[in-house]
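What follows is one structure encoded as structure tokens, with my remarks underneath.
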Amino acid sequence: MLAEVAPQDGRVLAGGQSLVPAMALRLAQPAHLVDINGVVGFDRLVVEAGELLIGACVRHAAFQRPVVDGPLGKLLASVVRHIAHYPIRTRGTFCGTLANADPASEWCLVAVTLGAKMSARSIRGSRTIAAVDFFQGMMATTLAADELLAETRLPLLLADTRCGFHEVNRRAGDFAIGMSLAAYRIEGGIIVEPRIGVGGVEGHPRRIAEAEAALQGHAPGAGIFQAAADAAANAVDLTGEKPEISVYKRDVVRAAVRRALEATEQSV
Ligand SMILES: Cc1cc2nc3c(=O)[nH]c(=O)nc-3n(C[C@H](O)[C@H](O)[C@H](O)COP(=O)(O)OP(=O)(O)OC[C@H]3O[C@@H](n4cnc5c(N)ncnc54)[C@H](O)[C@@H]3O)c2cc1C
């Protein structure tokens, strides 16, 4: 059905929590909607081959309690409470959020930082897209108009992975002004496999290699966390922003990364 209506501006309707408000404001005027809510199997949320498989219709609310033992389940439960409000969380979907690609979306940050894989399906076939290639810019992905994001796979985290998330916003439930997700493991007292993601300040969330390099091989602690936060603040690309906004956003990134790293110590 999507293949048939996509050329005439047909759109997938999942939770409707972004599309319907956009339609109400006439920002989106799709000629057709393909409602996927009744598709059998799209609510799958299972562990398969070391990955958490999240079907196209799995709602945000599904993550409010850990869906899997270990750090990944705890991390998702700590992140989901930052997404909108409870009624929205009962309808909005994980995959719909990725397809919508809001730069300030928490799930997009999780997907990029943890290395999610997205499965796109159309009558032309299926393809798997790494999160790092999926997001193309503000509200833009590699999905073609006739492609459905059928499922997302998140790698399970090893039991000793330390994770922390911090979001800066004015009111609970708002989209993030800036946010960071930090994850790493400790081997022989030093940080290995550091992952630092930042969202809300650039066109799409991304990992910040400079901040990860600042952490790699050091013992965790306030000094090294601050160094990583400073590296992230310097690394974000704010081309085109007014100077005073750039200063503010770099401060937000610095605070978000430092606090996400501090939160990793509570996850031990
Ligand atoms: C007041 C309010 C506050 C919010 N706050 C936040 C927030 O803090 N953080 C946050 O991340 N989100 C927030 N949201 C958005 C919410 O999380 C949405 O649920 C989410 O962005 C989109 O998911 P959905 O399932 O509702 O998608 P829909 O609204 O149904 O669809 C959104 C877009 O994605 C496309 N789409 C949906 N599913 C698929 C699919 N499987 N394959 C291909 N295309 C698809 C649709 O065609 C449409 O273009 C907020 C929404 C509201 C109304």
Lysines with Cα under 27 Å of Lys74, excluding same-chain neighbours fewer than 8 positions away: Lys117
Cα gyration tensor shape of segment 154-201, rounded if a/c is under 1.5, else prolate or oblate by comparing a/b with b/c: prolate
On Cα atoms only, tilt of 222-235 relative to the major axis of the chain in degrees: 50
Cα-based Rg and Dmax for segment 117-238, where Dmax is the largest Cα-Cα distance (Å): 16.8, 53
Cα-based Rg / Dmax (Å) for segment 87-147: 11.6, 36
With 10 Å bins from 0: P(r) over segment 1-139, alpha-carbon pairs, percent: 11, 41, 38, 10, 1
Overall form of segment 73-122 per C-alpha gyration tensor (a/c, 1.5; a/b vs b/c): oblate
Among His166, Pro243, Tyr184 the positive-end extreme of the charge dipole of the chain (Cβ point charges): His166
Between 0 and 90°, nearest 10: helix 71-80 axis offset from the chain longest Cα axis: 70
Highest average packing first - 174-183, 51-60, Cβ atoms within 10 Å: 174-183, 51-60
For segment 1-82, alpha-carbon Rg and Dmax in angstrom: 15.9, 45
Two-decimal ratio, segment 175-268, of alpha-carbon radius of gyration to 2.2 N^0.38 Å: 1.05
Cα pair count fraction exceeding 22 Å, expressed as % - the chain: 55
On Cα atoms only, tilt of 243-266 relative to the major axis of the chain in degrees: 80
Computed magnitude of the charge dipole of segment 141-268 (debye, nearest 20; Cβ of K, R +1, Cβ of D, E -1): 300
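Ranked highest first by the average count of other Cβ atoms within 10 Å around their residues, in what order do 212-220, 71-79 fall?
Packing order, densest peptide first, comes out as 71-79, 212-220.
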Whole-Å distance, taken between Cα centres, linking segment 237-268 and segment 2-42: 34
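We did not get these values from a lab; they are worked out from the coordinates using the rules stated. Just so we're clear, the structure is a prediction, and the values are computed from it rather than from any experiment. Neighbour counts run over all protein chains shown; Cβ positions are idealised from the backbone, glycine included.
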